[in-house]
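Just below is one structure, and these are the notes that go with it.
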Amino acid sequence: MNLVLFGAPGAGKGTQSERLVRELGMVQISTGDLFRAAIKNKTALGVQAQSYMDKGQLVPDSIVIGMVDEVLANLNGKSFILDGFPRNVAQAEALGKILSQRNLTIGKAIFLEVRKEDLLSRLTGRRVCKSCGAVYHVQSKPAKISGVCDQCGGEVIQRNDDKEDVIATRLKTYEESTEPLRGYYRSSGQYAEVNGAQDAELVFQSVKSLLK
Ligand code: AP5
Ligand code: MG
Ligand code: ZN
C-alpha cells in the first residue's frame, strides 16, 4: 500500500518513514530531503528552493510537483511513502492527476497528530545526519557518540530551518496551508489519524496496523 504521511513540522514524518523503510522496504519520498540534497549538490533546483526553505515558506507548487512526478516515474513498482508532500490542497489535486496518469493509488493519508507545545521542543532539539538523513534528538534520541551518526558514521548537525524564528514561520505556514488537507482527505475517504505524541515505537505500531 502507498501512503501519504502528513502533519505539522516535527510531527514525526521522517522518524516514521525511516522505520517503514527499514522494516517494510518501502521507499521514502521526502520532498524536504530531496530539496536539501539539491541544495547540498548546488543544483538549479536547490538554488530555487533554498530561499523559501531558509524562511520557512513553501517552495512554489510548480517546482515541487515536477520533482515528485519525476521520482514517481522511477519507482519500479515499489510501495512508497510521501513524506511532506502534498502540503496544500493544490498539491493534493496535482498528485491525484499524476497518480492516475501513472496507474498508481494512495491507500491511506495518515495524519500524525501532535500538540503545538510538543512540536517546538522536538524541532529545537532535533539533529540530523548530514550523509544519510537519520533523525536524532538531543534529549529523546541522542546519537551514541555526540555529533556522529549511529548508522553511517556521518556528521550529525542541526538543520538550518530548525532555528526558533524560522520554526515559527513553518508552524504558521502549516496551519494556513497544510492543515486544510485533513478535510480534503476526509472527503476522499483516505484519511486516517494517529496519535503522534506517543512513544515513536507505539506510533509506528499504530501506523503499521493501518496498512493491513
Ligand atoms: P520538511 O523537511 O518536510 O520539514 P517539515 O514538514 O517542517 O517536517 P520536519 O522534517 O521538520 O518534521 P518531521 O515530521 O519529519 O519530524 P521528525 O521525524 O524529523 O520540509 C522542509 C522545507 O522544505 C519546508 O519548510 C518547505 O520550505 C520545503 N518543502 C518540503 N516539502 C514541500 C512541499 N511539498 N511543498 C512546498 N515546500 C516544501 O521528528 C522531529 C523531532 O522529533 C526529531 O528530533 C525526532 O527524534 C523527534 N520525534 C519524532 N517522533 C517522536 C516521538 N514519537 N516522540 C518524541 N520525539 C519524537
Ligand atoms: Mg522530516
Ligand atoms: Zn547517517
Legend entry - Label point distance in nm, residue 21-residue 165, each placed 7 Å from Cα along Cα→Cβ: 3.2 nm
Legend entry - the chain: calculated mean residue ellipticity at 222 nm from DSSP helix runs of at least 4, using -39500 (n - 2.57): -13500 deg cm²/dmol
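I'd like to verify something in the chain: which complete DSSP H helices, judged by Cα projection on the helix axis, reach 15 Å or more and average at least 0.5 on the Kyte-Doolittle scale? Intermediate results must be reported in sequence, preceding the final value.
Details: long enough: 13-24 (16 Å, -1.12); 44-55 (18 Å, -0.28); 61-72 (16 Å, 1.30); 89-101 (18 Å, 0.47).
Flagged H segments are 61-72.
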Inset, instruction - Give the long-range amide H neighbours of residue 148: residues separated by 5 or more places, or on another chain, with amide H under 5 Å away, using H modelled in the peptide plane at 1.01 Å from N. - result: 156
Legend entry - Local net charge near residue 177, Cβ-Cβ under 13 Å (Lys/Arg +1, Asp/Glu -1): 0
Inset, instruction - Please turn the phi angles of the range 105-112 into ³J(HN,Hα) values with the Karplus equation 6.51 cos²θ - 1.76 cosθ + 1.60 (θ = phi - 60°), one per residue in order, whole Hz, x for glycine and proline. - result: 9, 9, x, 9, 10, 9, 9, 8
Inset, instruction - Name the residue, out of 100, 131, 30, whose mean-square fluctuation peaks in a Gaussian network model built on the chain with Cα pairs under 10 Å. - result: 100
Legend entry - Of 24, 34, 104, the one that fluctuates the most in a GNM where the chain has Cα springs shorter than 10 Å: 24
Legend entry - DSSP beta bridge pairing in the chain, given as percent antiparallel to the nearest 5: 35 percent
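Run the numbers for residue 51 and residue 120: contour at 0.36 nm per residue of separation, minus the present Cα-Cα distance, in nm. Provide the component values of the computation, followed by the final result.
Working: separation 69, 0.36 × 69 = 24.84 nm, distance 2.22 nm.
Extra length from residue 51 to residue 120 when fully extended: 22.6 nm.
Bear in mind that the values in this text are calculations on the coordinates, not laboratory data. The shown structure was predicted, so the numbers you read here are calculated from the model rather than taken from an experiment. Heads up, the Cβs are rebuilt from the backbone with ideal geometry, glycines too, and the neighbour counts pull from every protein chain shown.
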